[in-house]
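*Asks:* Encoded as structure tokens, here's the structure I'll be asking about.
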Amino acid sequence: MFFYVFRRFQKGARVNSISPPLCKILLCLQLLFFSNPIFSHNTKQISKEEKFIIHALKTDTTPNIDGILDEALWQAVSPATNFIQKQPDEGHPATENTEVRVLYDRHYLYIGLMCYDKEPSKIIANEKRRDSESILENDHVMILLDTYHDRRNGYIFATNPLAARLDYQIRREGIQEDARPFMANPNINRDWNCVWDVKSAILPNGWSAEITIPLYSLRYKEHPREGWGFNIFRNIRRKNEESTWAPLPRNLEFHKISMAGTFKGLEALEKGLKLQLKPFAISNRVYEKDEQGTLVSETNIDGGIDIKYGLTSNITADMTVNTDFSQVEADDQQINLTRFSLYYPEKREFFLENAAIFSVGAPEDAMIFFSRRIGLSEKGDEIPLLGGIKVAGKAGRFDLGIINLQTKAKGDIPSNNFTVARISRDILKQSAIGMMVTNRQSSESENYNRAISLDCDFAFGESLSLGGYLALTQTPGLGGKNTASKFRFQWTSDFWNIYGHLFNIQENFNADMGFVKRTGIRRSQMYFGYTPEPALPGVKRLNPHVNFTYTTDQENVLLLREEHVHFQVDLINGGNFGFSWNENHEFVDVPFTIQENITIPVGIYTDRFLRADLSTDKSRNLYIQTRYRWGAFYGGKSKELDISGGFRPIPNLSGEISLLYNDIDLPQGDFVNHLLISKLAYSFSTRFFLMSLIQWNGETDDVSLNMRLHYIYRPGSDLYIVYNERRLVEGMDIGIQDRTIAIKLNYLFNM
């Protein structure tokens with residue numbers, strides 16, 4: 001089907017001239033539910049799965065979790081060892097020995113790590129924060145668990161010598177919709193949070209850790225006869241040495257689940273999650289200005305409950321009543337110098353687990369479902385949620401997901417019911433096809449929006465992947481020209497990364513529950529990247545790449561042509577620097593306001609500009625990242641400086657200050673804007689944190705403050721104290737616009 005769409009695309013045909021969307025849907029439904037068993041994933045796996053096997057030992061004795069593997073219980077387990085380098089000397093034995101042992105009982109999985117090091121005084125460990133990406137700039141270990149043993153979905157748990165914790169949820173091996181490295185990847189859920197714990201110790205011969213993962217935190221087959229997929233990754237940061245237990249080629253990421261080994265010995269596992277209750281109480285005091293501009297306050301005391309029930313060992317129902325997200329960290333602000341919407345990631349816990357199941361599309365073109373459309377206004381203001389339910393998980397070869405949520409009315413916004421239903425089926429060895437339906441129904445009967453999509457992902461070997469989707473929407477008053485489609489391909493090898501896509505979205509495509517930057521366009525893109533590793537002092541790899549994007553309207557009239565040539569050098573110490581040449585040839589068909597009293601008129605603009613970037617070693621206690629752009633901009637000139645610096649003077653304290661500064665000179669007028677962001681975090685322990693976010697936006701001329709005190713007094717149970725304030729810079733002492741103080745306490749009951 002997608003080949004046919006591609007051919008019609010080349011001929012300039014409209015999408016609605018291909019074939020009726022209903023016929024496509026019926027054809028894909030037949031493939032989805034009645035395809036021949038030859039598409040089953042039960043093909044014999046590669047020999048690595050048979051060679052790299054570790055056996056877990058069942059125990060009736062709970063180990064003492066103190067970070068030191070000195071109990072006889074651990075020594076009775078045969079370890080996974082003999083790690084193989086991924087970088088810098090691919091295929092060679094790791095320079096330091098690593099041993100990993102696995103125990104389990106009826107309720108917990110225990111993983112013991114012993115990371116030997118001949119020079120323990122040189123271990124790099126300066127991060128204690130939960131979920132900080134800086135953990136990956138330390139010495140660290142990552143554990144991969146493929147609990148379905150489907151060779152495509154799994155979990156990653158990471159820790160460092162200070163017992164900091166980081167976790168990911170992986171779907172479809174982390175296949176990226178847009179292969180450019182700086183683009184968001186919905187198949188790697190970095191915001192997912194699992195209930196687990198770790199203790200660690202730095203020893204005279206290295207460092208060790210003991211990890212405890214409650215089985216109720218995982219979704220898995222109830223009788224895992226084949227075992228689970230399993231792999232371990234170790235980074236020795238001062239050497240920039242990456243090694244794994246089951247070997248990985250240099251060009252593949254650790255989340256390449258099909259390359260993992262296996263751990264066996266799991267017997268008679270109980271259904272991981274039965275019933276989990278998480279009641280919460282919240283008290284807040286809100287200050288807002290009334291119509292006379294006077295700051296008035298109101299105190300509220302409320303509560304609610306989140307319920308999680310394991311329908312099976314791998315399908316979970318989440319229910320929420322009187323939902324509250326006051327503890328969620330504030331968004332980092334952005335400056336928008338375009339005509340199109342900005343993308344902000346989801347951070348609310350209810351939507352994070354299994355979020356990738358509901359992912360179709362990408363932020364750069366169209367996301368058919370975007371959970372921030374529920375309970376948040378266009379400006380990011382909260383719309384109260386009455387409650388709802390989410391059911392998601394895996395049943396055999398099928399991924400299933402249903403969400404239904406009801407919002408309350410707020411101001412001029414009526415109450416709405418939001419529903420999304422998703423099903424996808426694994427076919428072949430590493431491929432899948434699926435369908436999704438979304439529906440928003442307002443309390444006003446003629447106010448609704450619906451969307452239906454069909455999507456596919458095909459992987460052929462380790463290098464080639466193909467995929468795409470076809471979607472259509474239904475909105476009162478918008479008839480016809482309501483489809484969107486995309487076809488993409490990617491080739492990845494040791495030295496090449498080649499990516500391309502064709503995207504078409506018609507004028508009346510309107511996904512109220514999705515994210516769409518622009519309608520009425522056709523876009524094609526090609527990306528070529530080459531990553532050799534020459535024997536140059538201090539150089540890890542060269543990364544030259546070119547990117548070409550061509551966008552037209554539905555009549556094939558050019559709207560935007562983007563050319564990008566970039567040469568980047570990745571250094572052995574983890575830093576990098578680069579330089580790029582860019583040319584944008586754009587037809588502005590509708591005038592738009594770029595700054596107050598400054599409008600870009602209709603016209604054709606050719607902007608050539610240069611960009612230089614530099615990043616130092618992030619494992620250091622002090623590091624910087626900077627990017628500078630200069631050149632033409634809509635008939636004028638632009639200078640943009642984006643610089644940030646991070647510091648970690650002690651493991652408990654970290655901070656980052658960033659500045660985005662734009663100096664724009666246009667025929668219609670000149671302006672300067674800036675965005676200054678300061679982040680500070682202090683870790684009293686690995687369970688007790690104080691975090692602050694201060695943002696000064698020169699465009700709106702206001703300063704916002706978000707402070708959060710977070711105490712995990714037992715795994716899964718939290719105390720939050722949150723302070724938010726926004727005030728105008730002019731008259732800083734009296735310019736308060738709003739202020740909120742909130743205290744939230746929850747407690748996790750496992751039944």
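The values are calculated or read from the model by the stated rules, or taken from the named source; none is laboratory data. Source: prediction; values computed, not measured. Glycine gets a Cβ as well: all are built from the backbone with ideal geometry, and neighbour counts include every protein chain shown. To get the accessible areas, we keep the full protein, side chains included, count just its heavy atoms, and leave off ligands, DNA and RNA. Shrake-Rupley method; radii C 1.70, N 1.55, O 1.52, S 1.80 Å.
*Asks:* Conditions: (1) in a strand (DSSP E or B); (2) in contact with a helix residue (DSSP H, G or I) (Cβ under 7 Å, 6 or more places away or on another chain); (3) not aliphatic (A, V, I, L, M). Phe528 meets all but one. Number of the miss?
*Replies:* All conditions are met except number (2).
*Asks:* Now a separate question. Which pairs turn up if I take residues in the range 572-592 that are more than 20 Å from Thr519 (Cα to Cα) and look for partners that are of a type in the set (A, V, I, L, M) and modelled with pLDDT under 90 with beta carbon separation below 7 Å, at least 6 apart in sequence or on another chain?
*Replies:* none
*Asks:* How many residues are under 26 Å from the mean Cα position of the chain (by Cα) and open to solvent by 10 Å² or more (accessible area, probe 1.4 Å) when one looks only at the range 200-213?
*Replies:* 1
*Asks:* Here's a follow-up. Is there any pair with a first residue in the range 553-566 that is more than 15 Å from Val588 (Cα to Cα) and a second that is among the aromatic types (Phe, Trp, Tyr) and open to solvent by 40 Å² or more (accessible area, probe 1.4 Å) whose Cβ atoms are under 7 Å apart and which are 6 or more apart or on different chains, and what are they?
*Replies:* Glu563/Phe548; Val565/Trp581
*Asks:* Would you be able to tell me the number of residues in the range 663-694 that are polar (S, T, N, Q) and in contact with a Leu (Cβ under 7 Å, 6 or more places away or on another chain)?
*Replies:* 1
*Asks:* Going by the structure shown, is Phe609 farther than 26 Å from Asn543 by Cβ and assigned to a strand (DSSP E or B)?
*Replies:* On the way: farther than 26 Å from Asn543 by Cβ: no; assigned to a strand (DSSP E or B): yes.
Answer is no for this residue.
Yes/no matrix, rows are residues, columns are (1) basic (Lys, Arg); (2) at pLDDT below 95:
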{"residue": "Arg523", "(1), (2)": "yes, no"}
{"residue": "Glu533", "(1), (2)": "no, yes"}
{"residue": "Thr551", "(1), (2)": "no, no"}
{"residue": "Glu562", "(1), (2)": "no, no"}
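*Asks:* Do we have Asn621 as open to solvent by 60 Å² or more (accessible area, probe 1.4 Å) and on the phi > 0 side of the Ramachandran plot here? Even if it seems obvious, please write down each step before you answer.
*Replies:* Working: open to solvent by 60 Å² or more (accessible area, probe 1.4 Å): yes; on the phi > 0 side of the Ramachandran plot: no.
When the stated conditions are applied, Asn621 does not pass them.
*Asks:* Which one is most open to solvent (accessible area, probe 1.4 Å), of the residues in the range 411-426 that are out of contact with any His (no Cβ under 7 Å at 6 or more places or on another chain) and farther than 22 Å from Asn510 by Cβ? I'd like the intermediate steps shown before the answer.
*Replies:* Narrowing the range 411-426 to residues out of contact with any His (no Cβ under 7 Å at 6 or more places or on another chain): 411-425.
Now drop any that are not farther than 22 Å from Asn510 by Cβ, which leaves 411, 423-425.
Values: Gly411: 80, Ile423: 30, Ser424: 1, Arg425: 12 Å².
So, considering only residues that are out of contact with any His (no Cβ under 7 Å at 6 or more places or on another chain) and farther than 22 Å from Asn510 by Cβ, the one most open to solvent (accessible area, probe 1.4 Å) is Gly411.
*Asks:* Continuing with this model, one more query. For the range 118-156, give me each residue that is out of contact with any Phe, Trp or Tyr (no Cβ under 9 Å at 6 or more places or on another chain) and of a type in the set (S, T, N, Q). Step through it out loud before you land on a result.
*Replies:* Going residue by residue through the range 118-156, those that are out of contact with any Phe, Trp or Tyr (no Cβ under 9 Å at 6 or more places or on another chain) are 118-119, 121-122, 124, 126-127, 131-136, 138, 150-153.
Listed by number, the residues that qualify are Ser121, Asn126, Ser132, Ser134, Asn138, Asn153.
*Asks:* Still on this model: Exactly one condition in (1) within 15 Å of Ser208 (Cβ to Cβ); (2) part of a loop (DSSP other than H, G, I, E, B) is not met by Leu113; state its number.
*Replies:* Going through the list (1) within 15 Å of Ser208 (Cβ to Cβ); (2) part of a loop (DSSP other than H, G, I, E, B), Leu113 breaks only (2).
*Asks:* If you don't mind, another one. Counting only residues that are open to solvent by 30 Å² or more (accessible area, probe 1.4 Å) and out of contact with any Phe, Trp or Tyr (no Cβ under 6 Å at 6 or more places or on another chain), which one in the range 690-707 is nearest to Arg726 (Cα to Cα)?
*Replies:* Filtering first and then ranking leaves Leu705.
*Asks:* If you don't mind, there's one more thing I want to ask. Out of the residues in the range 376-410 meeting the condition of being touching a strand residue (DSSP E or B) at 6+ places or on another chain (Cβ under 6 Å) and basic (Lys, Arg), tell me which one is surrounded by the most Cβ atoms within 10 Å (Cβ to Cβ).
*Replies:* Lys390
*Asks:* If you take just the strands (runs of 3 or more DSSP E) that sit entirely in the range 227-319, which of them hold at least 3 residues that are more than 30 Å from Glu137 (Cα to Cα) and either open to solvent by less than 40 Å² (accessible area, probe 1.4 Å) or among the aliphatic types (A, V, I, L, M) (or both)? Please lay out each step first, then the result.
*Replies:* On the way: elements: 228-236, 241-244, 261-264, 275-289, 295-310.
Ranges flagged: 275-289, 295-310.
*Asks:* Could you list, in sequence order, all residues of the range 677-700 that are closer than 27 Å to Gly631 by Cβ and within 24 Å of the chain's Cα centre (by Cα)?
*Replies:* Step one: filter the range 677-700 for residues closer than 27 Å to Gly631 by Cβ, giving 677, 696-700.
Within the range 677-700, just Ile677 meets the criteria.
*Asks:* Within the range 348-428, considering only strands (runs of 3 or more DSSP E) that don't extend past its boundaries, which have at least 1 residues that are over 22 Å from the mean Cα position of the chain (by Cα) and free of Cβ contacts under 8 Å to residues at least 40 places away in the same chain? Let's see the steps before the verdict.
*Replies:* Values: elements: 385-395, 398-407, 416-427.
Here the list reads 398-407, 416-427.
*Asks:* Let me ask you something else. Taking the range 614-652 as the region of interest, how many residues are more than 26 Å from Ala125 (Cβ to Cβ) and not in a loop (DSSP other than H, G, I, E, B)?
*Replies:* First pass over the range 614-652, keeping only residues more than 26 Å from Ala125 (Cβ to Cβ): 626-643.
If we keep only those that are not in a loop (DSSP other than H, G, I, E, B) too, we end up with 626-633, 636-643.
Going through the range 614-652 one residue at a time, the tally reaches 16.
*Asks:* A further question on this structure: Select from the range 398-425 the residues that are acidic (Asp, Glu) and at pLDDT below 90 and list them in ascending order. Break it down into steps so the answer makes sense when it comes.
*Replies:* So the first thing to find is which residues in the range 398-425 are acidic (Asp, Glu), and the list is 399, 412.
Correct list: Asp412 only.
*Asks:* Given Asn510, Asn573, Asn556, which one is assigned to a loop (DSSP other than H, G, I, E, B), under 24 Å from Val360 (Cα atoms) and open to solvent by 30 Å² or more (accessible area, probe 1.4 Å)? Lay out the reasoning, then the answer.
*Replies:* Details: Asn573 fails: under 24 Å from Val360 (Cα atoms); Asn556 fails: under 24 Å from Val360 (Cα atoms).
Only one candidate qualifies: Asn510.
*Asks:* Any chance you could count how many residues in the range 522-544 are buried (at least 19 other Cβ atoms within 10 Å of the Cβ) and closer than 18 Å to Arg488 by Cα? Can you show your working first?
*Replies:* Kept after step one, since they are buried (at least 19 other Cβ atoms within 10 Å of the Cβ), are these residues of the range 522-544: 522-523, 525, 527, 529, 531, 540-541.
Right, trim to closer than 18 Å to Arg488 by Cα and you get 522-523, 525, 527, 529.
Residues in the range 522-544 being buried (at least 19 other Cβ atoms within 10 Å of the Cβ) and closer than 18 Å to Arg488 by Cα: 5 in total.
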